[in-house]
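Reading through the structure tokens given below for one structure.
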């Protein structure tokens, strides 16, 4: 009989546990974004080499799996509520060709998730005037997003609250309708959902489903803005 000790399963290696722990930290509110979640998870697991951190997409997959296993009813209800609110807001901002992006589109919302919309206007002042005319209070900041591997663009972000829901409105020039910037999540062009597609999703049999499930309820051949 061999005296050689068996190796522990690969999943027990701290590096392989990192995505699941980061996902748990996001789901329970301990971390508010992917970067913080990964760094906290690494510290808890005793991992100091930043090269061992998983990419955001890996953590997102782990997060969706975690939510399905441990928090599915609450997440589904929250997704449905925020998507309905997003659709109402997109009607409100119809003049700016709004598109839904981010966690609400994906169906991976967290308790603190805001509704993220891309608005399109060649004059930022058009959005600020609209909000002032409608007496909607806002705070403004900015975000830098990559448009390719070497270049970035800066866009204004209007933060507003409608009832008890936070919205982040990223205003882009109209040329970005057909050429979206790259998402920090995976480095690919932003996936967006237009009002027509979102309306179909909200009216579907499962309006709170994660995107990979919800997409079967809408016309997959419809153009995405």
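In the set (1) surrounded by fewer than 19 Cβ atoms within 10 Å (Cβ to Cβ); (2) in contact (Cβ under 8 Å) with a residue 40 or more places away in the chain; (3) more than 30 Å from residue 27 (Cβ to Cβ), residue 171 fails one condition alone, (1).
Taking the residues in region 46-57 that are under 20 Å from the mean Cα position of the chain (by Cα) and surrounded by fewer than 18 Cβ atoms within 10 Å (Cβ to Cβ) as candidates, determine which candidate is nearest to residue 168 (Cα to Cα). If you could, list the steps in order and put the result at the bottom.
Of region 46-57, the ones under 20 Å from the mean Cα position of the chain (by Cα) are 53-57.
Within this subset, residues satisfying the condition of being surrounded by fewer than 18 Cβ atoms within 10 Å (Cβ to Cβ) are 55, 57.
Details: 55: 24, 57: 22 Å.
Selected residue: 57.
From the list 63, 82, the lone residue that is touching a strand residue (DSSP E or B) at 6+ places or on another chain (Cβ under 6 Å) and either assigned to a helix (DSSP H, G or I) or without any contact (Cβ under 8 Å) to a residue 24 or more places away in the chain (or both) is 82. Against the test of being crowded, with 16+ Cβ neighbours inside 10 Å, closer than 19 Å to residue 75 by Cα and touching a helix residue (DSSP H, G or I) at 6+ places or on another chain (Cβ under 6 Å), the options 23, 41 yield a single qualifying residue, 23. Taking the stated definitions as given, is residue 166 exposed (fewer than 11 other Cβ atoms within 10 Å of the Cβ) and either modelled with pLDDT under 95 or assigned by TED's automatic domain parsing to the domain that holds residue 119 (or both)? For residue 166, the condition - exposed (fewer than 11 other Cβ atoms within 10 Å of the Cβ) and either modelled with pLDDT under 95 or assigned by TED's automatic domain parsing to the domain that holds residue 119 (or both) - is not met.
So that you can scan it fast, the table gives a plain yes or no per residue for (1) assigned to a helix (DSSP H, G or I); (2) under 21 Å from residue 181 (Cβ atoms); (3) in contact (Cβ under 8 Å) with a residue 60 or more places away in the chain; (4) within 24 Å of the chain's Cα centre (by Cα):
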| site | (1), (2), (3), (4) |
| --- | --- |
| 104 | yes, yes, no, yes |
| 111 | no, no, yes, yes |
| 116 | no, yes, no, yes |
| 119 | no, yes, no, yes |
| 122 | no, yes, no, no |
| 129 | yes, no, no, no |
| 132 | yes, no, no, no |
| 137 | no, no, no, yes |
| 140 | no, yes, no, yes |
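Within the set 75, 61, the sole residue that is surrounded by fewer than 18 Cβ atoms within 10 Å (Cβ to Cβ), farther than 30 Å from residue 175 by Cα and in contact with a helix residue (DSSP H, G or I) (Cβ under 8 Å, 6 or more places away or on another chain) turns out to be 61. All but one of (1) touching a residue at least 40 places away in the same chain (Cβ under 8 Å); (2) over 19 Å from residue 201 (Cβ atoms) hold for residue 99; state the number of the condition that does not hold. Checking residue 99 against (1) touching a residue at least 40 places away in the same chain (Cβ under 8 Å); (2) over 19 Å from residue 201 (Cβ atoms), the one that fails is (2).
Given (1) buried (at least 16 other Cβ atoms within 10 Å of the Cβ); (2) in a loop (DSSP other than H, G, I, E, B), identify the lone condition not met by residue 32. Every condition holds for residue 32 apart from (1). Could you tell me whether region 166-180 includes any residue that is within 20 Å of residue 109 (Cα to Cα) and assigned to a loop (DSSP other than H, G, I, E, B)? Scanning region 166-180 turns up no residue that is within 20 Å of residue 109 (Cα to Cα) and assigned to a loop (DSSP other than H, G, I, E, B).
Under 23 Å from residue 88 (Cα atoms) and at pLDDT below 95 - does that describe any residue in region 171-186? No; the residues of region 171-186 include none that is under 23 Å from residue 88 (Cα atoms) and at pLDDT below 95.
The values are calculated or read from the model by the stated rules, or taken from the named source; none is laboratory data. Since the model is a prediction, treat every value here as computed from it, not as a measurement. Every residue, glycine as well, gets a Cβ built from its backbone with ideal geometry; the counts of neighbours run over all protein chains shown.
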